[in-house]
Amino acid sequence: MAQMMRAAIFIEPGRIELADKPIPDVGPNEALVRITTTTICGTDIHILKGEYPVAKGLTVGHEPVGVIEKLGSAVQGYREGQRVIAGAICPNFNSYAAQDGLASQDGSYLTAEGKCGCHGYKATAGWRFGNMIDGTQAEYVLVPDAQANLAPIPDGLTDEQVLMCPDIMSTGFKGAENANIRIGDTVVIFAQGPIGLCATAGARLLGATTIIAVDGNEHRLGIARQLGADVTLDYRHCDVVDEVMKLTGGRGADASIEALGTQQTFAQSLQVLKPGGTLSSLGVYSEDLVIPLGAFAAGLGDHKIATALCPGGKERMRRLMNVLESSRLDLAPLVTHEYQLDRIVEAYDVFGHQRDGVLKVAIKP
């Protein structure tokens with residue numbers, strides 16, 4: 001009889017519950033990781049609400065920190081008992097998409113099932129955990145293409161410090177990277193949830209010298225200032241677009257980063273830009289977007305709009321952990337709550353309704 005584990009599974013819109021599932025068998029290129037810490041993401045809330053469809057019975061979650069329990073026979077350079085993370089995005093780096101520089105959009109593993117074109121490109125398919133395969137809100141997770149996706153945790157870094165690397169930090173930094181930030185730039189970041197806060201930190205590391213953080217929560221704006229924001233704007237008390245134009249002398253920002261996923265923040269992210277500016281979009285949108293005509297300059301303003309799914313793979317994770325190990329950034333304070341796995345339904349309620357000053361929750365099996 002197969003050994004069993006506890007896992008949070010999607011039942012139907014509005015219901016994620018804890019259930020017993022078999023501990024997965026390990027294939028040659030895979031690794032079984034015993035989860036020591038994971039978390040809940042805003043995307044998981046979209047899944048819970050039915051705004052992003054996944055299969056019934058799927059284990060949710062995509063941010064693993066743990067210990068290698070068992071290695072596949074073909075996986076080299078790792079050892080059982082080693083502390084590791086894996087990116088939320090777990091591509092097969094042998095794929096066409098990965099070799100084309102689009103590893104996050106790699107659906108090559110779906111080709112044989114007829115779910116993907118012959119060259120393996122499929123939007124968002126690099127996101128496997130809690131989307132295409134069982135995820136990380138469980139006692140164990142099976143990591144595919146483990147040699148490419150497992151990243152050893154440096155000695156001295158805690159679970160809480162590296163918990164942001166698989167998704168939140170990688171996504172936020174990708175938002176800053178996609179914004180084409182140069183030294184001396186003015187950048188506006190809309191929404192200071194965990195991803196927006198990481199985008200704020202990333203903008204500072206890339207050399208922006210006027211970083212404007214926008215939110216309606218004073219606590220989050222305070223953290224944004226700690227992470228590098230030079231100016232904070234509470235949208236409840238000002239017209240954000242007008243304020244940005246005043247701050248830039250009417251020029252507009254060099255770049256904006258949209259980290260919420262609403263029509264209003266998307267439109268404002270375009271409205272604050274200078275001609276030739278870049279809008280870096282990180283939000284997960286649940287309905288069609290409308291581009292404001294004036295801000296878009298009828299399509300003649302040399303604006304750039306960049307979308308992203310965060311990069312994965314061990315090299316991306318290594319670089320992010322380098323930032324943390326160098327003490328240039330500490331994201332452990334973003335972990336505001338801790339729950340045992342058997343209380344994960346309660347954790348979803350607190351996180352989903354943004355109660356008690358929650359930013360990120362640590363889930364401990």
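The values are calculated or read from the model by the stated rules, or taken from the named source; none is laboratory data. Remember, it's a predicted structure, so these values are computed and weren't measured experimentally. Quick reminder, even Gly has a Cβ in these numbers, built from the backbone with ideal geometry, and neighbours come from all protein chains shown. Ligands, DNA and RNA are excluded from the accessible area calculation, which covers all protein heavy atoms including side chains. Shrake-Rupley method; radii C 1.70, N 1.55, O 1.52, S 1.80 Å.
Within the range 118-134, being surrounded by fewer than 16 Cβ atoms within 10 Å (Cβ to Cβ) and of a type in the set (A, V, I, L, M, F, W, C) holds for C118, A123. Residues in the range 138-192 that are polar (S, T, N, Q), more than 24 Å from T336 (Cα to Cα) and open to solvent by 10 Å² or more (accessible area, probe 1.4 Å): Q147, N178, N180, T186. Take the conditions assigned to a loop (DSSP other than H, G, I, E, B), modelled with pLDDT of 95 or more and acidic (D, E) and apply them to D302. Does it pass? Spelling it out, D302 is indeed assigned to a loop (DSSP other than H, G, I, E, B), modelled with pLDDT of 95 or more and acidic (D, E).
Within the range 236-267, count every residue that is surrounded by 17 or more Cβ atoms within 10 Å (Cβ to Cβ), part of a helix (DSSP H, G or I) and acidic (D, E). Residues meeting the conditions: 1. For the range 101-117, the set of residues classified as of a type outside the set (F, W, Y) and surrounded by 12 or more Cβ atoms within 10 Å (Cβ to Cβ) consists of L102, A103, S104, Q105, D106, G107, S108, L110, T111, K115, C116, G117, listed by residue number.
Contact map, the range 189-205: first residue touching a residue at least 24 places away in the same chain (Cβ under 8 Å) and over 16 Å from T232 (Cβ atoms), second residue among the acidic types (D, E) and surrounded by fewer than 24 Cβ atoms within 10 Å (Cβ to Cβ), Cβ cut-off under 8 Å, separation 6 or more or different chains; pairs are G202/E177.
Looking only at residues in the range 304-337 that are touching a strand residue (DSSP E or B) at 6+ places or on another chain (Cβ under 7 Å) and open to solvent by 80 Å² or more (accessible area, probe 1.4 Å), the one that is nearest to L227 (Cα to Cα) is R318. Looking across D44, D25, one residue alone is open to solvent by 60 Å² or more (accessible area, probe 1.4 Å) and acidic (D, E). It is D25. Every listed requirement among (1) assigned to a strand (DSSP E or B); (2) touching a helix residue (DSSP H, G or I) at 6+ places or on another chain (Cβ under 6 Å); (3) without any contact (Cβ under 8 Å) to a residue 60 or more places away in the chain is met by A224 save one, (1). From the list R328, R318, exactly one residue is more than 25 Å from T262 (Cβ to Cβ), assigned to a loop (DSSP other than H, G, I, E, B) and touching a residue at least 40 places away in the same chain (Cβ under 8 Å). Which is it? The unique qualifying residue is R328.
In the range 244-276, the residue that is farthest from the chain's Cα centre (by Cα) out of those that are polar (S, T, N, Q) and closer than 17 Å to A229 by Cα is T248.
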